[in-house]
Amino acid sequence: MSARAHEEQLKKHRQMIDCLDQSIMANLGMRRELSKTIGELKHNLGMPVTSLAREDDVLGKVLETAREIGMPDATARKLFTIIIQDCRQVQRSDGPQP
């Protein structure tokens, strides 16, 4: 394959990653919206924002999926720890301001 062909392949794959990044962000946005609704429901039910049992369940499922796709446990745990922390903040209020 020529250098030009390799460059075209590189460009194509980077465009595909850009699309995936947009999809990831859109899904995170939907997760935040659902978390906001869950926070309102928890408030109405007098429940605390944090549920360690639920968070452990989420992390367990995430780690199982991570192993299936060949992602290290530590990477998946770091990603979802940040996501869970963000969703907790959303449940407490309108979330952190940009």
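Just so you know, all these numbers are worked out from the coordinates, no wet-lab data involved. Computed from a predicted structure; not experimentally measured. Cβ atoms come from the backbone with ideal geometry, glycine included; neighbour counts cover every protein chain shown.
Are any residues in the range 38-60 exposed (fewer than 12 other Cβ atoms within 10 Å of the Cβ) and under 18 Å from the mean Cα position of the chain (by Cα), and if so, which ones? Of everything in the range 38-60, those that are exposed (fewer than 12 other Cβ atoms within 10 Å of the Cβ) and under 18 Å from the mean Cα position of the chain (by Cα) turn out to be L52, R54, D56, D57, G60.
Residues are listed down the side, and each one gets a yes or a no for (1) within 22 Å of R88 (Cα to Cα); (2) of a type outside the set (A, V, I, L, M); (3) in a helix (DSSP H, G or I):
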| position | (1), (2), (3) |
| --- | --- |
| Q9 | no, yes, yes |
| Q22 | no, yes, yes |
| S35 | yes, yes, yes |
| G39 | yes, yes, yes |
| M47 | yes, no, no |
| A53 | yes, no, yes |
| D57 | yes, yes, yes |
| E68 | no, yes, yes |
| M71 | no, no, no |
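Figure legend. Inter-residue proximity from the range 68-89: first residues aromatic (F, W, Y), second residues assigned to a helix (DSSP H, G or I), beta-carbon distance below 7 Å, spacing 6+ or different chains. Indicated pairs: F80/V58; F80/L59; F80/V62.
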